[in-house]
Every structure is written in structure tokens, then in C-alpha cells.
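Below is one structure, written out as C-alpha cells; comments come after it.
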Amino acid sequence: MKFEYVLLALLSYRPFSGYDLRKWVETEGQFLRSRAHHSQIYRLLGRMVDDGWVAYEVDPREGRPDAKVYRLTPRGREVLMEWVRSPYDPPSRFQDADFLARFSFAAPLDRDAAIRLIMTELTYRRAQIAGNRDRDRRIGFEDPLPELDQDLAREISDELHAYGASSVDRWVAWLEGMLRRLETGRPESEGGRTPTQTGDAA
């Protein structure tokens, strides 16, 4: 996921100063991108200005440094909507940051694009579960290191499998509920929080 798309999506809500974008990255953005440094944000904004995606106005601040306030240009809007509507290729690990970022911004901008995104993710995860849930997970040991606790290795493998299976099942259930919400326009009675667990598609 290119982080500039997230910045474009944020600017679809309202103009932001570089400082306000940095604050967002340090709070909400930390769940979409690990270790995003504020210097990277300003580099991206500079590049996006050069590419014609955003423009800025200088907002004078009395007693403080002036602030650049950024807003989308027509070209930036086109680039953002191309990203929102672009095909999605699910990775093997579910709850990927690209999916979460794209979905969170796609749904308010283009409901049909968000529905296609969820259906792509659901199709992939259902096939992943069908192909992996009952796989042979026996661990074969041959001349293992003397330090290796074979019983513990099997136990950890089983625990991780159970955790991954329950997590991906909950993820699929959330996707199904959100799909119904988008298709009907009605919120789910259970609420719509994105689960934050991670795990394999065991």
C-alpha cells in the first residue's frame, strides 16, 4: 500500500495542515502503517504537490510558524478514485493493512467499490479456509536439536492453529455482516467494529 493514497483519502474529508496529518498518522495511522515517521509525510506531500495531486495555501499563525494547509486538486481526486476502484489482490495473511485502509476510505467514497472489495476478500478467505482448515499439520522431526522440546512444539502449533482458525472465522463473519450492511443500507445489530486479531487461515 502506498501511503500517499491514505493521505489523499484523508484530504477528501477536509483540508489538512501537514501538522494535522502528522498527528493523524501518529494516532489512527499507526494501525495502518508501522513506524511512519513525520519526515516521510512531508516528503510525500512535497512529491504530491509536484505531481499536481494536492495544492496548499499558507495559513499565517501569529506567534507560531505559518502552516501549509493542503487540499485535493482535480487530479488528486482522480488518482484517489482510481485507487478506491482498482482491483484488489488479497495476500495470504488476512486483515492486511491495504485492505483495511482501502475499505475504510472506499466505503464512504464509492459503496459499489467497497462491496466489490469485500466480495473479493470473502471469496479468497473462504477458499483459503476450505483448502487449509483440515490440512495435515503433523510435525515430523528428524535428528532434531537436543534443545528442541518436541511436545511443546506440537502444543504451540495446535494452539496457534486454533487461534488462527477462530480469528479468521470471526473476520469472515465481520465481512459478511458488513457486506449485508452495505447492500441493504442498514447497520448490523451487533455493531460494525473491525476485529483486530491476527492469525493464520488455519
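Quick one: Arg14 ticks every box in (1) touching a helix residue (DSSP H, G or I) at 6+ places or on another chain (Cβ under 8 Å); (2) under 25 Å from Phe103 (Cα atoms); (3) basic (Lys, Arg) except a single one, so which number is it?
Against the list (1) touching a helix residue (DSSP H, G or I) at 6+ places or on another chain (Cβ under 8 Å); (2) under 25 Å from Phe103 (Cα atoms); (3) basic (Lys, Arg), Arg14 comes up short only on (1).
Regarding the stretch 30-39, can at least one residue be identified that is surrounded by fewer than 17 Cβ atoms within 10 Å (Cβ to Cβ) and modelled with pLDDT of 95 or more?
Looking for residues that are surrounded by fewer than 17 Cβ atoms within 10 Å (Cβ to Cβ) and modelled with pLDDT of 95 or more, one finds none in the stretch 30-39, hence no.
Quick check, is Val25 open to solvent by less than 30 Å² (accessible area, probe 1.4 Å), among the aliphatic types (A, V, I, L, M), in contact with a helix residue (DSSP H, G or I) (Cβ under 7 Å, 6 or more places away or on another chain) and without any contact (Cβ under 8 Å) to a residue 24 or more places away in the chain?
yes
Just one of the numbered conditions (1) under 21 Å from the mean Cα position of the chain (by Cα); (2) farther than 19 Å from Ile118 by Cβ; (3) without any contact (Cβ under 8 Å) to a residue 24 or more places away in the chain is not true of Ser86; which one?
(2)
If I ask for residues that are open to solvent by 100 Å² or more (accessible area, probe 1.4 Å) and among the hydrophobic types (A, V, I, L, M, F, W, C), which ones from the stretch 125-163 would you list?
Hits for the stretch 125-163 are Leu145, Leu160.
Hey, can you tell me all the residues within the stretch 38-56 that are assigned to a strand (DSSP E or B) and free of Cβ contacts under 8 Å to residues at least 40 places away in the same chain?
Ala55, Tyr56
Is it true that Leu80 is within 20 Å of the chain's Cα centre (by Cα), modelled with pLDDT of 95 or more and either surrounded by 15 or more Cβ atoms within 10 Å (Cβ to Cβ) or among the β-branched types (Val, Ile, Thr) (or both)?
yes
It is to be established whether one or more residues within the stretch 96-117 are at pLDDT below 95, under 16 Å from the mean Cα position of the chain (by Cα), surrounded by 12 or more Cβ atoms within 10 Å (Cβ to Cβ) and outside any helix (DSSP H, G or I).
yes
The values are calculated or read from the model by the stated rules, or taken from the named source; none is laboratory data. Being a predicted model, the structure only gives us computed values, none of them experimental. Because the Cβ atoms are built from the backbone with ideal geometry, glycine has one as well, and the counts that use them run over all protein chains shown. Each accessible area value is taken on the protein alone, full model and side chains, heavy atoms only, with ligands, DNA and RNA left out. Shrake-Rupley method; radii C 1.70, N 1.55, O 1.52, S 1.80 Å.
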